[in-house]
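Following: one structure in structure tokens, then a few remarks.
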Amino acid sequence: MTASDGTIVSLENVAKHFGAVRALDGVDLRVDPGMCLGLVGHNGAGKSTLMNALAGILAPDRGVMKVHGHDLTDRYSVAVAGQNGIRCVFQELSLCPNLTVAENARIFHPSLTGWGWKRRAGDMIAGKLDEIFPGHGIQPDDIVGDLSIGKRQMVEIARAFTVTDASLHLVILDEPTSSLDAVTSKQLLDFVRVEVDQGLSCILISHMLGEVLDYCDRIVVMKDGLVVAARAGAEFNRDTLVAAMGNVVEMEEIEEHEAREWQRGKTPVAVEAKTDTGNDWAPFIAHKGEIVGLAGLAAHGQTRMLLKIYEAAMRGRKTATVSGPVALVAGDRQTDGIFHLWSISRNIGIRSLRGMVRRGLIDPVAEAAMGREWQDRIKIKTPDMNDNILSLSGGNQQKALFARALASDAEIILMDDPMRGVDVGTKLEVYDLIRDEAEKGRTFLWYTTEMDELYNCDHTYVFRDGAIVADLTRKELSEEKVLQSSFKESA
Amino acid sequence: MTLIKQLSAKAWIWSFIGMVLVWLVTAIYTGGKGSADVITAALSFATFTVIVGIGQMFVITTGPGNVDLSIPSTISLSGAVAMKIMGGSDAMLIVGFLASLGCGLAVGMFNYMLIRVLRIPPIIATLSSSFLILSTAIAYGRGLKIKPPPLLADFTTAQVSGVPVLAVVIILFAVVMSVVLNRTLYGRAVLAIGQNMRAAWLAGINVERIRFMTYVLSAVLAAICGFLLSGFSGGASLNMGQEYLLASIAVVVIGGTSVAGGKANIPGIWGAAMFMFLLVTMLNTFGASAGIRLIMTGLIIVAVITIAGGDEPQR
């Protein structure tokens, strides 16, 4: 392979091991100019490790890495990747939370110096945000830490596409849409398509197979640290893609499960609350054993509603009526979920310690047993539950947070867009788990930015600008209705 | 698990290694003369540092920004109040001890109130409350020349074949607190809050109650230290807590507790407290002047923390 054939990056037989875990076990990958490459696979298949290698963050144990035809295996780093026009948008956001949007944009562009750099950086990032996400509502002088996770993701994405002096050849998007709602996801993917048609290359990692099938020229499927299939996008359909990922769960199952006969109001009310806006179309009500969806565009008051209910339950406040103990499954796992110094077992057990106390002391045997039980039930991919939580891939960390809530004594489970970074197979298993637990009388309040997930709910409330604007039964639910309500006034 | 175990073991082992090294150097320099006595003295004096160090450790472990600077003035106040109430009489021993505990309880609640209700950062809150506490102690100051009850003086200075009785009691206390840290709901909650306060709250932990308990614990331990220390040194004085400001923080950090929060260990506090005392003794034996002694102490502490602190969490 020579410099003249235009290949941006090629990897040959790249491997990376973490102790006994073979994250990458000899992977070949090639990215040509003007190509949108989709990368799919289960949690822990090695996708993120591969991207970290491409971005220069992890040095592979073996293999050859060529950029623009030059062998850079031994001196590849984040800086070298940047010089060669390779950028990465990470699943774990890499913005500095204490800086403004403009200051974060500047970090990528050392050439922005002298008087007024902040204004120029602000103009640059605002321009790119306008281009990708029209109507985003982000100001360049907003502090990143104050933005919702969806908006942080938008800033991170827009920043990756900004250009000053170094030219841009390849942008790696690691699950960019998992924190975005349907509208912004589409804006991003359409933008990517336009850029790719103009010669830029993208790698899109996603668990949303529809996106990959619709937008990618070529699809690479990974499993257990290996590439198991790599074909043109048009040669795959949903079923063959799922089959290639090695998923035994049939996709029809989603439809099969769809209709659970649910009679609203046959069981007592578990949660009753109103938003603080006073503009609610209807009060928020969940009955015992019900799965209630919170829909709408990202960050329109859904999380605030969940936190209000959580606070009412924890502090015994009267701001909402809650009938029993609650547990929360965080979606923003770095901020709201994991304890980074602890093992997986400890992270799962923390919500249930009260029940493990024997003679005043926590019983370590009971804690380990709970960890093992949930490793089996929710299939956490790790050789040892006593390993640190950060040794898990993002999706598996999310599973541990699910286990934490489901293992607890909570009768009401609040879910704050909890499926970020979780693969298709696991999602289906967790859906089943949720449905089983609901049958047993647990109540689920489920905020989600994915339309498909709402079909698991018995009842859905749509939020806009902090208020409830629609109240849909399972039969009334449709994507059009949700979108229509989400936009009523602005459209 | 083995890795985590090794790392946490590494965190506290350094203070013991330092302790043994410093002791050996001193022993070699003096030709072994009085080496046993040095250990006895180190145990006696380290005991008081360990008492306040344990309280400080729990506070520091609840996360960045949490520290209790009111320890020295609480020691002074508690000592003064107890001495005056007891008036040198054994009969009043229990009452004096309860008064000490009361001082600690009041200080802890006051500190927490400043932090929680007025939302003052802990470092400022405890610093300003320390001025108030010290003024109270001065206003109360006439108790300062009172001798401790003989029973208290005897207990705090008692030795059995060179081993101070009080040190043994506090070693047992350290073991109990170690169990509290690692095996109780309270300890687990402290460790969780120190890593991520918001996640801890969302995982069902009553964060504010735990923080309250932690600040009260630290103040109560400081008060107990003041009570015992005035018995040990023949009466209370206003500046008797002074050296415990930096010492309480230093032993926590040298002992391997993470200043970033969420990771703590108690054995290291004992090692570090012994190490600090032996270090000063060693420099004294060398005949170093006060200036050199302070410089060396500072440098050696920095060195120990650099070596022992090499396992910062990945984040």
Subset of the range A:32-56 [open to solvent by 20 Å² or more (accessible area, probe 1.4 Å) and of a type in the set (D, E, K, R)] = A:Asp32
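If I ask for residues that are within 10 Å of chain B (Cβ to nearest Cβ) and either under 29 Å from A:Leu180 (Cβ atoms) or aromatic (Phe, Trp, Tyr) (or both), which ones from the range A:405-420 would you list? Before the answer, list the steps.
Step one: of the range A:405-420, the residues within 10 Å of chain B (Cβ to nearest Cβ) are A:405, A:408-410, A:414, A:416.
Within the range A:405-420, A:Ala405, A:Ala410, A:Leu414, A:Asp416 qualify.
Output the residue which, of all residues in the range A:377-393 that are polar (S, T, N, Q) and under 17 Å from A:Phe339 (Cβ atoms), is nearest to the other protein chains (Cβ to nearest Cβ). Don't jump to the end; show me each part of the working.
Step one: of the range A:377-393, the residues polar (S, T, N, Q) are A:382, A:386, A:388, A:391, A:393.
Next, from what is left, pick out any that are under 17 Å from A:Phe339 (Cβ atoms): A:382, A:386, A:388, A:391.
Details: A:Thr382: 12, A:Asn386: 4, A:Asn388: 7, A:Ser391: 10 Å.
The selected residue is A:Asn386.
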Test result for A:Lys318, away from every other protein chain (no Cβ under 11 Å) and either touching a helix residue (DSSP H, G or I) at 6+ places or on another chain (Cβ under 8 Å) or over 17 Å from A:Thr277 (Cβ atoms) (or both) = yes
Selected residue (criterion: farthest from the other protein chains (Cβ to nearest Cβ)) from residues of the range A:330-357 that are closer than 17 Å to A:Gly421 by Cβ and part of a loop (DSSP other than H, G, I, E, B) | A:Gly331
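Which one of B:Val107, B:Val179 is surrounded by fewer than 15 Cβ atoms within 10 Å (Cβ to Cβ) and either at pLDDT below 90 or over 30 Å from A:Gly324 (Cβ atoms) (or both)? Can you show your working first?
On the way: B:Val107 fails: surrounded by fewer than 15 Cβ atoms within 10 Å (Cβ to Cβ).
Sole residue among the options that is surrounded by fewer than 15 Cβ atoms within 10 Å (Cβ to Cβ) and either at pLDDT below 90 or over 30 Å from A:Gly324 (Cβ atoms) (or both): B:Val179.
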The listed residue being open to solvent by 20 Å² or more (accessible area, probe 1.4 Å), farther than 22 Å from B:Ala158 by Cα, in contact (Cβ under 8 Å) with a residue 24 or more places away in the chain and of a type in the set (D, E, K, R), out of B:Lys33, B:Lys84 = B:Lys84
If we keep just the residues of the range A:11-24 that are over 25 Å from the mean Cα position of the chain (by Cα) and closer than 16 Å to A:Leu58 by Cα, which is surrounded by the fewest Cβ atoms within 10 Å (Cβ to Cβ)?
-> A:Gly19
Output the qualifying pairs, or none if there are none: Cβ atoms under 7 angstrom, residues six or more apart or on different chains, first residue in the range A:176-192 and within 16 Å of A:Thr303 (Cβ to Cβ), second residue hydroxyl-bearing (Ser, Thr, Tyr).
-> A:Leu180/A:Thr449; A:Asp181/A:Thr449
State whether the residues of the range A:362-376 include one that is in contact with a strand residue (DSSP E or B) (Cβ under 8 Å, 6 or more places away or on another chain), within 11 Å of chain B (Cβ to nearest Cβ) and open to solvent by less than 20 Å² (accessible area, probe 1.4 Å).
-> no
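Looking at the range A:273-295, can you tell me whether even one residue there is β-branched (Val, Ile, Thr), crowded, with 20+ Cβ neighbours inside 10 Å, more than 14 Å from chain B (Cβ to nearest Cβ) and more than 30 Å from A:Asn396 (Cα to Cα)?
Filtering the range A:273-295 for residues β-branched (Val, Ile, Thr) gives A:275, A:277, A:285, A:291-292.
Now narrow it down to the ones that are crowded, with 20+ Cβ neighbours inside 10 Å: A:275, A:291-292.
Now narrow it down to the ones that are more than 14 Å from chain B (Cβ to nearest Cβ): A:275, A:291-292.
Now narrow it down to the ones that are more than 30 Å from A:Asn396 (Cα to Cα): A:275.
So far as the range A:273-295 goes, yes, one or more of its residues are β-branched (Val, Ile, Thr), crowded, with 20+ Cβ neighbours inside 10 Å, more than 14 Å from chain B (Cβ to nearest Cβ) and more than 30 Å from A:Asn396 (Cα to Cα).
Restricting to the range B:37-78, count the residues that are under 22 Å from B:Val190 (Cα atoms) and either among the polar types (S, T, N, Q) or out of contact with any helix residue (DSSP H, G or I) (no Cβ under 9 Å at 6 or more places or on another chain) (or both). Before you say what the answer is, go through the steps one by one.
Of the range B:37-78, the ones under 22 Å from B:Val190 (Cα atoms) are B:49-71.
Subsequent filtering for residues that are either among the polar types (S, T, N, Q) or out of contact with any helix residue (DSSP H, G or I) (no Cβ under 9 Å at 6 or more places or on another chain) (or both) retains B:49, B:56, B:61-62, B:66, B:70.
Of the residues in the range B:37-78, 6 are under 22 Å from B:Val190 (Cα atoms) and either among the polar types (S, T, N, Q) or out of contact with any helix residue (DSSP H, G or I) (no Cβ under 9 Å at 6 or more places or on another chain) (or both).
Residue by residue, here is whether (1) in contact with a Ser or Thr (Cβ under 9 Å, 6 or more places away or on another chain); (2) at pLDDT 95 or above; (3) open to solvent by 60 Å² or more (accessible area, probe 1.4 Å) holds:
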{"residue": "B:Thr40", "(1), (2), (3)": "no, no, no"}
{"residue": "B:Val52", "(1), (2), (3)": "yes, yes, no"}
{"residue": "B:Ala80", "(1), (2), (3)": "yes, no, no"}
{"residue": "B:Leu93", "(1), (2), (3)": "no, no, no"}
Residue check, B:Ala158 of a type outside the set (Val, Ile, Thr) and touching a Pro at 6+ places or on another chain (Cβ under 9 Å) | yes
Would you mind telling me which numbered condition in (1) more than 10 Å from chain B (Cβ to nearest Cβ); (2) touching a Ser or Thr at 6+ places or on another chain (Cβ under 9 Å); (3) surrounded by fewer than 23 Cβ atoms within 10 Å (Cβ to Cβ); (4) more than 30 Å from A:Gly137 (Cβ to Cβ) A:Pro325 fails?
-> (1)
Check the range A:412-419 and report whether any residue there is open to solvent by 10 Å² or more (accessible area, probe 1.4 Å) and closer than 12 Å to A:Asn43 by Cα.
-> no
Could you please give the count of residues in the range B:182-209 that are within 21 Å of B:Val259 (Cβ to Cβ), open to solvent by 30 Å² or more (accessible area, probe 1.4 Å) and among the aliphatic types (A, V, I, L, M)?
-> 1
Residues of the range A:111-144 being in a helix (DSSP H, G or I), small (Gly, Ala, Ser) and either modelled with pLDDT under 85 or over 26 Å from the mean Cα position of the chain (by Cα) (or both), in sequence order, are A:Ala121, A:Gly122
Counting only residues that are surrounded by 13 or more Cβ atoms within 10 Å (Cβ to Cβ), more than 24 Å from A:Ile138 (Cβ to Cβ) and not β-branched (Val, Ile, Thr), the range A:84-125 contains a total of 2
Subset of the range B:244-266, residues touching a residue at least 24 places away in the same chain (Cβ under 8 Å), open to solvent by 40 Å² or more (accessible area, probe 1.4 Å) and under 21 Å from B:Ala222 (Cβ atoms), comes to B:Leu245, B:Ile249, B:Val259
Only residues that are open to solvent by less than 40 Å² (accessible area, probe 1.4 Å), closer than 22 Å to A:Asp416 by Cα and either modelled with pLDDT of 90 or more or among the hydrophobic types (A, V, I, L, M, F, W, C) (or both): list them for the range A:158-182, please.
-> A:Leu180
B:Ala167 meets each of (1) out of contact with any Ser or Thr (no Cβ under 7 Å at 6 or more places or on another chain); (2) open to solvent by less than 10 Å² (accessible area, probe 1.4 Å); (3) away from chain A (no Cβ under 14 Å) with one exception, condition (1)
Enumerate the pairs (first residue in the range B:202-223 and within 14 Å of chain A (Cβ to nearest Cβ) and in contact (Cβ under 8 Å) with a residue 60 or more places away in the chain; second residue anywhere and of a type outside the set (Phe, Trp, Tyr) and not in a helix (DSSP H, G or I)) with beta-carbon separation below 9 Å, excluding pairs fewer than 6 apart on the same chain, so at least 6 apart or on different chains.
-> B:Ile210/B:Thr62
Just one of (1) open to solvent by less than 20 Å² (accessible area, probe 1.4 Å); (2) of a type outside the set (Gly, Ala, Ser); (3) within 20 Å of A:Ser178 (Cβ to Cβ); (4) at pLDDT below 90 trips up A:Phe402, so point out which.
-> (4)
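The values are calculated or read from the model by the stated rules, or taken from the named source; none is laboratory data. For clarity, every value in this text was computed on a predicted model and none was experimentally measured. Heads up, the Cβs are rebuilt from the backbone with ideal geometry, glycines too, and the neighbour counts pull from every protein chain shown. Heavy atoms of the whole protein, side chains included, go into the accessibility calculation; ligands, DNA and RNA do not. Shrake-Rupley method; radii C 1.70, N 1.55, O 1.52, S 1.80 Å.
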